[in-house]
Number of protein chains: 2
Amino acid sequence: MREVYAKEEEKTSRVTPERVFVVVGNKAKTEPFNLNDLAGSAGRMDILCRCIAQTLFISHGVRKNSAVIIVLRGEPSPPKSVMVVGSEVKYMSPDERNIGGIIRKALSIKVGKEWVKSTPGVYVAKKDLKDVLEELKDYEKVYLKECGEDIRKVKFGRKVAFFLGDHIGLSEEDEKLIMSLADRVVSVSPLSLQADQCIVIVHNELDRVLLEE
Amino acid sequence: MREVYAKEEEKTSRVTPERVFVVVGNKAKTEPFNLNDLAGSAGRMDILCRCIAQTLFISHGVRKNSAVIIVLRGEPSPPKSVMVVGSEVKYMSPDERNIGGIIRKALSIKVGKEWVKSTPGVYVAKKDLKDVLEELKDYEKVYLKECGEDIRKVKFGRKVAFFLGDHIGLSEEDEKLIMSLADRVVSVSPLSLQADQCIVIVHNELDRVLLEE
């Protein structure tokens with residue numbers, strides 16, 4: 001079997017993995033939140049925890065070729081973004097509470113516009129979707145949406161960034177911004193799925209292509 | 001679009017949905033557990049919570065044609081099984097803590113060999129894998145394992161039950177039992193994935209077939 005998780009180190013940018021998922025959390029808290037209420041007062045942080053887990057974990061392993069950026073838009077100090085890099089992350093397990101704790105820790109750090117390391121592989125910055133898009137300028141950009149082209153008919157390049165919304169979806173403004181830069185709009189299912197489910201299916205499609213090469 | 005979630009009511013058995021997922025939790029607690037430690041002292045209950053969520057939820061909806069049975073083998077009173085039926089379930093959200101609370105409640109009930117209703121759509125019984133297999137005798141039985149036939153090459157019948165293990169996998173004994181009754185062994189990915197990820201991919205394959213019909 002080919003070495004699926006090999007990663008070419010690039011020094012030019014923090015964001016170097018082959019697959020990046022960017023998820024907007026419209027209501028997700030931007031300061032430390034209650035770990036016992038991820039789905040409530042933390043602003044559906046549970047969804048973002050699952051997106052991180054599904055981006056990074058396989059059975060007994062981490063996808064070293066993947067990263068995830070969650071863009072937090074909730075109170076009290078939006079926007080903030082948290083990035084988790086598969087090739088660097090340590091001490092993370094796939095359950096929501098563990099990942100919630102790691103995000104919570106990142107949000108306790110005072111940050112400016114540049115990424116600051118919180119724990120191994122976890123970075124936080126006062127970045128909004130626009131900044132994240134700018135940072136991913138070398139990536140093929142794909143907006144995941146029900147109305148898009150079927151993923152099975154698409155051939156992706158070597159470095160792809162996928163953009164998706166939480167339970168609320170993307171605002172008109174965010175959608176306009178992404179559409180102005182996106183290379184394509186892609187659908188993963190005939191049904192409307194949850195964000196983390198979309199990530200699982202995207203990975204599966206890319207895993208299949210990669211191993212068929 | 002066809003009515004994907006229509007379900008023909010059958011009175012003969014509690015297990016009537018078109019897709020059933022059966023997951024064995026080798027260490028999962030069989031009495032009420034600490035909701036703050038699903039991944040630890042509850043015996044990787046987080047995995048089973050995710051399997052329930054991924055069986056039942058899509059974006060803003062429940063898969064009424066699906067059900068999930070988790071077989072709990074942990075201390076102090078194994079075995080027990082908890083079944084969640086998509087067409088009946090209410091007051092459940094997809095986060096691990098909410099689902100953990102619902103399992104916890106089911107485990108607080110004194111049970112014998114027959115299913116007892118705990119909350120809407122949630123049943124509990126002193127059933128082991130063998131009993132569950134017996135109950136699913138009218139279903140096409142599929143064992144999900146890495147070495148199996150590629151799911152994209154398989155045509156399933158109208159009622160299918162999928163069997164899978166948690167992070168430990170299935171014991172030799174469980175595997176023998178399932179293999180003695182399984183119609184086929186199927187693989188969903190070239191990689192070894194987590195149980196809940198397998199469920200997402202199985203659903204996606206079946207959704208696509210159903211909507212292409």
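The values are calculated or read from the model by the stated rules, or taken from the named source; none is laboratory data. Just so it is clear, the model here is predicted, and its values are computed rather than measured. When we count neighbours, we look across all protein chains shown, and the Cβ atoms used for this are built from the backbone with ideal geometry, even at glycine. In case anyone asks, the SASA skips ligands and DNA or RNA and just uses the protein heavy atoms, side chains included. Shrake-Rupley method; radii C 1.70, N 1.55, O 1.52, S 1.80 Å.
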In region A:53-94, anything among the hydroxyl-bearing types (Ser, Thr, Tyr), within 23 Å of A:Lys127 (Cβ to Cβ) and not in a strand (DSSP E or B) is listed as A:Thr55, A:Ser77, A:Ser87
Taking region B:62-91 and keeping residues open to solvent by 30 Å² or more (accessible area, probe 1.4 Å) and either among the acidic types (Asp, Glu) or under 28 Å from A:Leu48 (Cβ atoms) (or both) leaves B:Val62, B:Lys64, B:Glu75, B:Glu88, B:Lys90, B:Tyr91
Checked against (1) within 13 Å of chain A (Cβ to nearest Cβ); (2) at negative phi; (3) open to solvent by less than 30 Å² (accessible area, probe 1.4 Å), B:Ile178 satisfies every condition except (1)
For region B:118-125, does any single residue satisfy the condition of being surrounded by fewer than 23 Cβ atoms within 10 Å (Cβ to Cβ) and either basic (Lys, Arg) or within 14 Å of chain A (Cβ to nearest Cβ) (or both)?
no
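In the set A:Arg44, A:Arg73, which member is farther than 26 Å from B:Gly101 by Cα, modelled with pLDDT of 95 or more, touching a strand residue (DSSP E or B) at 6+ places or on another chain (Cβ under 8 Å) and charged (D, E, K, R)?
Just one listed residue meets the conditions, A:Arg73.
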Within region A:60-90, residues touching a Gly at 6+ places or on another chain (Cβ under 9 Å) and among the hydroxyl-bearing types (Ser, Thr, Tyr) come out as A:Ser66, A:Ser87
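Examine region A:131-147 for a residue that is in contact (Cβ under 8 Å) with a residue 40 or more places away in the chain, under 21 Å from A:Leu170 (Cα atoms) and in a loop (DSSP other than H, G, I, E, B), and state whether such a residue exists.
Within region A:131-147, one or more residues are in contact (Cβ under 8 Å) with a residue 40 or more places away in the chain, under 21 Å from A:Leu170 (Cα atoms) and in a loop (DSSP other than H, G, I, E, B).
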(Q) For region A:92-108, check the following and say yes or no: at least one residue is over 19 Å from A:Asp46 (Cα atoms), surrounded by fewer than 21 Cβ atoms within 10 Å (Cβ to Cβ) and without any contact (Cβ under 8 Å) to a residue 60 or more places away in the chain. (A) no
Within region A:28-52, the residues that are open to solvent by 30 Å² or more (accessible area, probe 1.4 Å), touching a helix residue (DSSP H, G or I) at 6+ places or on another chain (Cβ under 8 Å) and part of a loop (DSSP other than H, G, I, E, B) are A:Lys29, A:Glu31, A:Pro32, A:Ala39
inquiry  = Is it the case, given these coordinates, that B:Lys153 is open to solvent by 10 Å² or more (accessible area, probe 1.4 Å) and over 30 Å from A:Arg208 (Cα atoms)?
reply    = no
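Please verify whether A:Val186 is more than 7 Å from every other protein chain (Cβ to nearest Cβ) and either at pLDDT below 95 or open to solvent by less than 20 Å² (accessible area, probe 1.4 Å) (or both), treating the condition exactly as stated.
When the stated conditions are applied, A:Val186 passes them.
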Quick count over region B:189-207, residues being open to solvent by less than 20 Å² (accessible area, probe 1.4 Å) and closer than 13 Å to B:Val154 by Cα, is 2
Of (1) facing chain A (nearest Cβ under 10 Å); (2) assigned to a loop (DSSP other than H, G, I, E, B), B:Leu170 fails just (1)
Flagged pairs (Cβ under 7 angstrom, 6 or more apart or on separate chains; first in region B:34-55, at positive phi; second modelled with pLDDT of 95 or more) are B:Gly43/B:Gly25; B:Gly43/B:Lys27; B:Gly43/B:Ala28; B:Gly43/B:Lys29; B:Gly43/B:Gly74; B:Arg44/B:Gly25; B:Arg44/B:Lys27; B:Arg44/B:Ala28
Say whether the condition of being under 15 Å from A:Leu72 (Cα atoms), in a helix (DSSP H, G or I) and in contact with a Pro (Cβ under 6 Å, 6 or more places away or on another chain) is met by at least one residue in region A:105-128.
yes
Scanning region B:151-167 for residues that are part of a loop (DSSP other than H, G, I, E, B) and under 16 Å from the mean Cα position of the chain (by Cα), the one farthest from B:Asn65 (Cα to Cα) turns out to be B:His167
